[in-house]
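Trainee: Quick one: the structure is below, questions incoming.
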Amino acid sequence: ILGLAFLVSQMVEYFTLPFGLTDNLYASTFYALTGFHGLHVTLGALMILIVWWQCRTPEGRVTAANHFPLEAAELYWHFVDGIWVVLIVIIYLISDTLVYSLMLHKLQSRLLMLQMRHIARIKANFMS
């Protein structure tokens with residue numbers, strides 16, 4: 001259920017982001033990393049559905065004696081969760097800080113350039 005909730009929230013996020021897939025390197029990397037993670041969450045949800053389907057009867061593949069499919073799905077979900085923790089740190093915490101600091105630096109450079117032009121105009125008007 002949490003995997004499906006994640007996929008729904010990922011789709012909502014994709015449709016409300018202020019950038020598109022091809023806007024810049026950050027956007028492309030963001031969509032690639034979160035998209036592949038969403039693919040793995042989808043596969044994990046399918047694995048759990050298959051395990052549930054196979055253990056619905058006592059004669060199914062998943063029994064008390066053979067519970068490897070359940071263990072495999074469980075280990076897969078731990079892997080997907082661990083990767084998500086790494087992606088949150090990289091995409092949402094570190095890179096957002098870097099992107100905002102680069103945007104701030106660009107804005108400061110633009111303001112400095114405008115101030116220099118303004119000073120040059122004042123000097124030109126003063127000299128004439």
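Trainee: With angles folded into 0 to 90 degrees, how steeply does helix 95-127 sit against the dominant principal axis of the chain? Use alpha carbons for both and round to 10.
Mentor: It is inclined by approximately 10 degrees.
Trainee: Using a simple charge model, +1 on the beta-carbon of Lys and Arg, -1 on the beta-carbon of Asp and Glu, nothing else, what dipole does the chain show about its Cα centre, in debye to the nearest 20?
Mentor: Details: 7 positive and 7 negative charges, 203 e Å.
In debye, rounded to 20, the chain gives about 980.
Trainee: Can you pull the Kirkwood radius for the chain, inverse mean 1/r over Cα pairs, to one decimal in Å? It would help to have the intermediate numbers written out before the result.
Mentor: On the way: mean 1/r = 0.0530 Å⁻¹.
Here the Kirkwood hydrodynamic radius works out to 18.9 Å.
Trainee: Mind pulling the angle between the C-alpha long axis of helix 25-54 and the longest principal axis of the chain? Nearest 10 degrees, somewhere in 0 to 90.
Mentor: Helix 25-54 and the main axis of the chain meet at about 10 degrees.
Each reported figure results from applying straightforward, stated rules to the coordinates on display, with no laboratory input. Quick caveat: nothing in here was measured; it's all calculated off a predicted structure. All Cβ positions, glycine included, derive from the backbone under ideal geometry; neighbour counts span all protein chains shown.
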